[in-house]
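Each remark here refers to the structure printed beneath this line.
The values are calculated or read from the model by the stated rules, or taken from the named source; none is laboratory data. The structure presented is a predicted model; accordingly, all values stated were derived computationally and were not measured. Please note: Cβ atoms are built from the backbone with ideal geometry, for glycine as well, and neighbour counts cover all protein chains shown. Surface areas here come from the heavy atoms of the whole protein model, side chains and all, with no ligands, DNA or RNA. Shrake-Rupley method; radii C 1.70, N 1.55, O 1.52, S 1.80 Å.
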Amino acid sequence: MMEPVAPKFQWGQRVQALLDLYNDGSFPQSPAEALLVREGDSGEVVKVGTHTDSNTPVYLVEFGPNLVVGCLEGEIASV
């Protein structure tokens, strides 16, 4: 079993998207592959979790009203 990776970002921290983020199917109200967040958009980490298979952090980031997106560390950076 792999050891969990310590999270780089914390709850309440402001972050920005490092690349465009598209719907991977987790937003059924939006078409598949629809653009959800543009590179450079900022948001706030609202929850930090762990991907169980890889033991890597997953961040729920609120990028706007009714838009909370799961992000990996390589997809966001501190503002």
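For the reader, a short list of remarks on this structure follows.
- Free of any GluC sites (Glu not before Pro) that DSSP assigns to a loop and that have at most 16 other C-beta atoms within 10 Å, the longest stretch within the chain is 40-79.
- 10 Å-binned pair-distance histogram of the chain (Cα, whole percent): 20, 50, 27, 3
- Residue-normalised accessible area of the chain, given per residue in Å² at a 1.4 Å probe: 66
- Value of relative contact order over the chain, rounded to a whole percent, pairs C-alpha under 8 Å and six or more apart: 34
- Separation of region 32-79 from region 1-27 is 4 Å, based on Cα centroids.
- DSSP-assigned coil residues among trypsin sites (Lys or Arg not before Pro) in region 1-57, each with at most 13 further Cβ atoms within 10 Å: ARG38
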